[in-house]
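Beneath this line is the structure, given in structure tokens, with notes to follow.
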Amino acid sequence: MGGRLSSEESVWAIICLYHQFKCIFTGIKTMSAIRQEGLAMPVDQELINIIINEAGNPPPHKAKITAVSLLFKDQCYSTEKGGYHPVEIRLISRNDEWYFDYITDFSYMGVVYPELEKEIDISWSQQYVFLAYVGDLPVNAGRELFELWQSNFIQYHAMNVYTITVLWGS
């Protein structure tokens, strides 16, 4: 009551201070926001939260971290059974801030020898939205496609359909 912490609160306070010190000492910047540059898509805060939570903190490193890729895969996805498309989300770091680079949704395409190919590709750095069999989309159509894709992806993630791999790059 009188300003003293319980033993449990003290332990958590020490853990938090240790984590902050470790991040400062090793130069690790935790990801707290993701910015857009090049394209302006209607990115939902829930998508940003998924990315930040799944990425976690960078591992200890000697070189400066410049990118992170998150790979979302449905282990059961196949040409025969279908399933949830694999998705790759890449962020780049500039001036200690994180930016969207691209989001790519892959699917099997082809009849005789199907291969995983880009079905939807949203590139902030290259400033385009691409849809297979259509090509580059006008800005408004690209935003509408992104909103639909984003809504579905958030739901699929909530259903725990993905196995997630995080790759940090320098």
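The values are calculated or read from the model by the stated rules, or taken from the named source; none is laboratory data. Since this is a predicted model, take the numbers as computed values, not measurements. Don't worry about glycine lacking a Cβ; one is built from the backbone with ideal geometry, like all the others, and counts go over all protein chains shown. Just so you know, the surface numbers come from the protein's heavy atoms only, side chains and all, with ligands and any DNA or RNA stripped out. Shrake-Rupley method; radii C 1.70, N 1.55, O 1.52, S 1.80 Å.
Average accessible surface for region 51-170: 57 Å² per residue, computed with a 1.4 Å probe over protein heavy atoms with every protein chain in place. Peptides 83-90, 152-159 ranked from most to least packed by the mean count of surrounding Cβ atoms within 10 Å: 83-90, 152-159.
For a straight C-alpha distance cut-off of 15 angstrom, the aspartates and glutamates reachable from K64 (same-chain residues fewer than eight places away being disregarded) are D96, E97. Kindly identify region 54-170 as rounded, prolate or oblate by the Cα gyration tensor criterion: order the square roots of the eigenvalues as a ≥ b ≥ c, call it rounded if a/c is under 1.5, otherwise compare a/b with b/c, prolate if a/b is larger, else oblate. Cα axes put region 54-170 in the oblate bin. Projecting label points 7 angstrom from Cα along Cα→Cβ for I154 and Q75 puts them 2.8 nm apart. Across the protein chains, with a 1.4 Å probe defining accessible surface, the residues Y128, Y77 rank Y128, Y77 from largest area downward.
In this label model, E115 and E37 are separated by 3.3 nm, measuring between points 7 Å along each Cα→Cβ vector.
In sequence order, region 99-112 has phi-based couplings of 10, 5, 9, 7, 10, 10, 10, 9, 8, 6, 10, x, 9, 6 Hz under the Karplus curve 6.51 cos²θ - 1.76 cosθ + 1.60, θ = phi - 60°, and Gly or Pro positions carry x.
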